[in-house]
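I have placed the structure first, in the form of structure tokens, so that the comments after it can refer back to it.
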Amino acid sequence: SAVISQKPSRDICQRGTSLTIQCQVDSQVTMMFWYRQQPGQSLTLIATANQGSEATYESGFVIDKFPISRPNLTFSTLTVSNMSPEDSSIYLCSVERGLNIQYFGAGTRLSVL
Amino acid sequence: ILNVEQSPQSLHVQEGDSTNFTCSFPSSNFYALHWYRWETAKSPEALFVMTLNGDEKKKGRISATLNTKEGYSYLYIKGSQPEDSATYLCASNNAGNMLTFGGGTRLMVKP
């Protein structure tokens, strides 16, 4: 298993601003993952964050909108840039163990006004 | 990109009722099927991982079955309790690929 601390747990932001979400893992991991769940939608992978290299983004997500940092093997940040109401979602980070089993943080509930 | 679908979207049951929900996924190049429970304001928690056709897993009052030939999995909850109220997510992947999640089934158990 893995213990993941994610913050903030929730935020309300103004349109056009940016929010950085932090994720801390209790052990060293090669890859960390960032997901988003928009209202009424499936949990969707945004990107995979590797230590020492650029993040790998899934189709439909770009670095300018969702810059990711991975300064060491236990920490990562995701920034939601130039926010609009469509960015209102739950954002989750995770790490993988065993058969692709994901261990998640508790999520960041973001509302953009 | 896999197409993973769950039904129903939401479900209201009385305490003590037994219930089940469905996850359907593409059967070609199947690798694994996962079930997660996601309670409000908490982390999604892994319940089961199944890989073989006919797999059955059980944890307390919750069990799951897998049919990889026809591409579906059932999650069963026996004697539902209010603490079972959560969103239940399934996810599937092909070998070497990331998980694709379904939209979830939101279960509410009334005391």
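Throughout, read-outs are computed from the coordinates displayed, never taken from laboratory work. Note that this is a predicted model, so its numbers are computed, not measured. Neighbour counts run over all protein chains shown; Cβ positions are idealised from the backbone, glycine included.
Checking the cross-link filter: which lysines have an alpha carbon closer than 16 Å to that of B:LYS57, excluding same-chain neighbours under 8 positions apart?
Reachable lysines: B:LYS78.
Return the percentage of antiparallel bridges among DSSP beta bridges fully within the protein assembly as shown, rounded to the nearest 5 %.
Counting only bridges with both partners in the protein assembly as shown, antiparallel ones make up about 90 percent.
Divide, for the protein assembly as shown, the radius of gyration over alpha carbons by 2.2 N^0.38 Å, where N is the residue count.
1.02
Arrange the following residues from fewest to most other Cβ atoms within 10 Å of their Cβ: B:THR68, A:THR48, A:THR17, B:THR40.
By the 10 Å Cβ count, ascending: B:THR40, A:THR17, A:THR48, B:THR68.
Check each of the trypsin sites (Lys or Arg not before Pro) in the range B:67-111 and keep only those in coil by DSSP with at most 10 other C-beta atoms within 10 angstrom; list them in order.
The qualifying sites are B:LYS69.
Report the charge-dipole magnitude of the protein assembly as shown in Debye, nearest 20, computed about the Cα centre from +1 at each Lys and Arg Cβ and -1 at each Asp and Glu Cβ.
260 debye
Determine which aspartates and glutamates satisfy two conditions relative to B:LYS59: a Cα distance under 12 Å, and not lying fewer than 8 residues away in the same chain.
The reachable aspartates and glutamates, counting only those whose Cα sits under 12 Å from B:LYS59, number zero.
Please report B:TRP38, A:TRP34 as a ranked list, fewest other C-beta atoms within 10 angstrom at the top and most at the bottom.
B:TRP38, A:TRP34
Sort B:HIS12, B:HIS34 by Cβ crowding within 10 Å, fewest neighbours at the top.
If I rank by nearby Cβ atoms, fewest first, I get B:HIS12, B:HIS34.
Out of B:PRO82, A:VAL112, A:ILE21, whose Cα points farthest toward the positive end of the dipole of the protein assembly as shown (charges: +1 Lys, Arg; -1 Asp, Glu; placed on Cβ)?
Ranked along the dipole, the leading option is B:PRO82.
What residue among B:ALA86, B:ALA32, B:ALA41 shows peak mean-square fluctuation when chain B is described by a Gaussian network model with Cα springs under 10 Å?
Per the Cα network of chain B with a 10 Å cutoff, B:ALA41 tops the list.
How high is the relative contact order of chain B? Use alpha-carbon pairs under 8 Å, at least six apart in sequence, and give a whole percent.
38 percent
Where does chain B land on Rg/Rh, using Cα atoms and the Kirkwood Rh?
0.96
Per residue of the range B:17-29, what does 6.51 cos²θ - 1.76 cosθ + 1.60 with θ = phi - 60° give for ³J(HN,Hα)? Whole Hz please, x for Gly and Pro, Karplus curve as stated.
5, 9, 8, 8, 9, 10, 10, 10, 8, x, 7, 6, 6
Cysteines without a disulfide-compatible partner in chain A, using Cβ under 4.7 Å as the rule?
Isolated Cys, chain A: A:CYS13.
Just to compare against my own numbers: the Cα pair-distance distribution for the range A:1-51, 5 Å bins, whole % per bin, please.
4, 14, 20, 26, 22, 9, 4, 0
Give me the Kirkwood hydrodynamic radius of chain A, using the inverse of the mean 1/r over all pairs of distinct Cα atoms, in Å to one decimal.
14.0 Å
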